[in-house]
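Working notes for the structure below.
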Amino acid sequence: MIKEIYTAALGMQSQITRLEVISNNIANSSTAGYKRASVFERNLIEVQNNFNFIPTDVEQKDPPTGSYFDFSNGAAENTNNPLDLLISGNGFFTLMDEDGNYFLTRAGNFQISDDGYIVSMDDKKLIGSDGPISLNKDIFARQSISGDTINNTISVAPTGEIFVNNNEIAKLSIVIPENFDALERASNSQFTIDEETTLIQINGDKLNIRQGWLEGSNVNIINEMVQMIELQRMYDAGSKVIQTNDGTLEKSINMGRFF
């Protein structure tokens, strides 16, 4: 009877993890470049070992679940913002924080920092083939001025070259990891990699950058809501199993007191 309670509780613990992941997916359904997370059971090895009579730990220290990411492309949105960039096909933008740590992202909503760098919304610098991309101040010094309006033109070629007033200043560094399993989520739309992961540079006709477009989240809210309802029902079923076994156990203890 105690075993039934433990089994039901372990199942409920997995459902809680799944519910948390789905809730985060729904919360980021409007986040640019967000990649949907899913959960899978990871105690299949222990189950196989039990069939083969190999001693293992029955009670695991960690929840019997793990997560993985769906890296399929999100919907493309036309923003007409010259600093919004979309990668058609595979690849990631490369970012660098102030400590020199690198990140990969599909979120192409960028802005210009006070010191002239192209940065992400959380101020990480966009990396080009020669390092962080800075809008050359000498180029801006030669710009034409009409009244109070400064006529700047920032354009990005499909192959990744960045131009300011028709002057090429940098080329985007678009990469793809050799092993996607090495990616770990650092924020809602950014990922980190370990030092041993090989990054493959995408160039030439394999690269297609669309300026003025932005990739949205690849979360389907309807599917997530359906899964959430199913998980809630499974969680309730596990709760009823525990309540039933607990009541039966209590009756057994009370009966034992009379003998």
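Just so you know, all these numbers are worked out from the coordinates, no wet-lab data involved. As the structure is a computational prediction, the values presented were derived from the model and not from experiment. FYI the Cβ positions are ideal-geometry reconstructions off the backbone, even for glycines, and counts take in every protein chain you see.
Restricting to the stretch 186-218, name every residue that is part of a strand (DSSP E or B) and over 21 Å from the mean Cα position of the chain (by Cα).
Arg210, Gln211
What pairs come out if I take residues in the stretch 67-89 that are more than 25 Å from Phe180 (Cα to Cα) and pair them with residues that are assigned to a loop (DSSP other than H, G, I, E, B) and basic (Lys, Arg) whose C-beta lies under 6 Å away, six or more apart or interchain?
none
Just need a number here: residues in the stretch 71-110 that are surrounded by 14 or more Cβ atoms within 10 Å (Cβ to Cβ) and in a loop (DSSP other than H, G, I, E, B).
15
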